[in-house]
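The values are calculated or read from the model by the stated rules, or taken from the named source; none is laboratory data. Note that the structure is predicted; figures quoted are calculated from it, not measured. Note that each Cβ is placed from the backbone with ideal geometry, even for glycine, and that neighbours are counted across all protein chains shown.
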Amino acid sequence: MTLIKSISGIRGTIGGEQGNNLTPLDIVKFTTAYARFMAEKHEGKQLTIVVGRDARLSGTMVNDIIEGTLLGCGVNVINVGLCTTPGTEMAVITYGADGGIIITASHNPKQWNALKLLNEKGEFLNDAEGKRVLALAEDEGFVYPNIEAIGKVVKCEDFNPTHIQQVLALPLVDVKAVKARKFKVVVDAVNSVGGVVIPALLRELGCEVVELNCTPHGEFAHNPEPLPENLTEIAEVIRRVGADLGVVVDPDVDRLALVSEDGTMFGEEYTLVAVADYILSQQAGNTVSNLSSSRALHDVTVARGGEYAASAVGEVNVVAKMKEVGAVIGGEGNGGVIYPALHYGRDALVGVALFLTYLVKKVCTMTELRATYPAYYASKNKIELTPAIDVDKLLLEMKSRYAAERVTDIDGVKIDFAESWVHLRKSNTEPIVRIYTEAKSASEADDLAKRFIAEMSEICGL
């Protein structure tokens, strides 16, 4: 199967051959490497690491191996159990821990799992730090500490209620106003940890909640990536029960997709656009999203008097650019909202609370709000990689072919046309090349994607 080592962590399929999959031996190796890296960084200090997991079928097994390995490395552990990615990040900050390991493969299917590695700020390791961890993983000379120096589990408790209260305490989350509105919300949490956290948050906000796929048993009810083709069930339920909106999260709850009251998709891209519009209506500032995100955020930012900047794909890259330009809001077009007033991490809970506040203040429906934003249509496609495909050579050829256009190559190749764009890049999380396009109509975006897929397939001889 597959083992992917990248800026997004150590990700692979469970079972199979060691070194080519995420096996128990691989989990021990990379956990040990992370512990060694953190010991280097903190110069021999007694380390404390937070460990949290989503509801994947392999989650308990991977958790137990990681916890045991950390203890064997002399590291103390705070285990927050079933917890979202943003919740685990917030636990690192709240407890003053030295780092964290999130056990989740995000939107990947159930056979996948991963180790996402955090620093003492509750943020993902940067590229140089990640490479150091990978280098240490190849060094088999590590000597584990003796019995007097093994670590301890210093805390083992649910952090989700604390995370919810931290979100509700934000000054721009108007709990009283949202409670008064009494929204009826359908939640699809794809049978992972979001099924515990999102309904609890919404009930704290006075919402009537209709739960769909909210039992966290890890048998995903549908493809866990919150894309329109995977969300037909919630659209039908929203129409049937007369809900005001639908909330969809991925298995680790760092991505937020919204569905309007008529069952149409509000659009993953427009989750960030709407939340940013609200934040910028309350405070002046700049915004950031990655190269694969909609131009709509740029348009809204400029209209509010701010400046927009683009980063390479990947949360750590977005965060770095946000800090560089002093952004008050940012994120990724896959529904990832990063609100630095709380923390520098994609957080669906923050997204939900801020969005509902804005919807109340606008005194409108979801479809009415969506109609106020620039109309862009995205098409997200991919080409499966084979060992014979030289991705770097392929992207270099595409860059050469379109040298007369505005080309950005900080992450793959993005080609900006007057009324549309295409972004071609190798995925950090799957063995694929992503082809994202955006245009003024769905047909134009699809046609642009088909054109580039055909060109790239011809170059690769597919």
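Just one of the numbered conditions (1) farther than 21 Å from Leu369 by Cα; (2) without any contact (Cβ under 8 Å) to a residue 60 or more places away in the chain; (3) not basic (Lys, Arg) is not true of Asp254: (2). In the stretch 1-95, counting only helices (runs of 4 or more DSSP H) that sit wholly within it, the ones holding 1 or more residues that are without any contact (Cβ under 8 Å) to a residue 24 or more places away in the chain span 24-41, 59-72. The test for being farther than 30 Å from Thr232 by Cβ and at pLDDT 95 or above does not hold for Asn191.
Within the stretch 438-462, being of a type in the set (D, E, K, R) and touching a Lys or Arg at 6+ places or on another chain (Cβ under 9 Å) holds for Glu438, Glu455. If you scan the stretch 328-351, which residues turn out to be at pLDDT 95 or above, outside any strand (DSSP E or B) and surrounded by 24 or more Cβ atoms within 10 Å (Cβ to Cβ)? Within the stretch 328-351, Tyr339, Gly345, Asp347, Ala348, Leu349, Val350, Gly351 qualify. The strands (runs of 3 or more DSSP E) falling completely within the stretch 352-418 that include 1 or more residues that are in contact (Cβ under 8 Å) with a residue 40 or more places away in the chain, basic (Lys, Arg) and farther than 30 Å from Arg181 by Cβ map to 377-384, 413-416. Restricting to the stretch 136-154, name every residue that is of a type in the set (A, V, I, L, M) and touching a residue at least 60 places away in the same chain (Cβ under 8 Å). Result: Leu136, Ala137, Ala149, Ile150, Val153, Val154. The listed residues are Arg203, Arg240, and the only one of them that is outside the structural domain of Asn113 (by TED's automatic domain parsing), closer than 23 Å to Thr357 by Cβ and free of Cβ contacts under 8 Å to residues at least 12 places away in the same chain turns out to be Arg203. Within the stretch 158-170, the set of residues being out of contact with any strand residue (DSSP E or B) (no Cβ under 7 Å at 6 or more places or on another chain), touching a residue at least 60 places away in the same chain (Cβ under 8 Å) and not β-branched (Val, Ile, Thr) comprises Asn160, His163, Gln166, Leu168, Leu170. Scanning the stretch 396-415 for residues that are surrounded by fewer than 17 Cβ atoms within 10 Å (Cβ to Cβ) and of a type in the set (D, E, K, R) yields Glu397, Arg401, Glu405, Arg406, Asp409.
Considered as a group, the residues in the stretch 256-278 that are among the charged types (D, E, K, R) and more than 16 Å from the chain's Cα centre (by Cα) include one that is nearest to Leu245 (Cα to Cα), and that residue is Glu261.
Under 15 Å from the mean Cα position of the chain (by Cα), at negative phi and part of a helix (DSSP H, G or I): is that true of Val318 in this structure? So Val318 passes the test.
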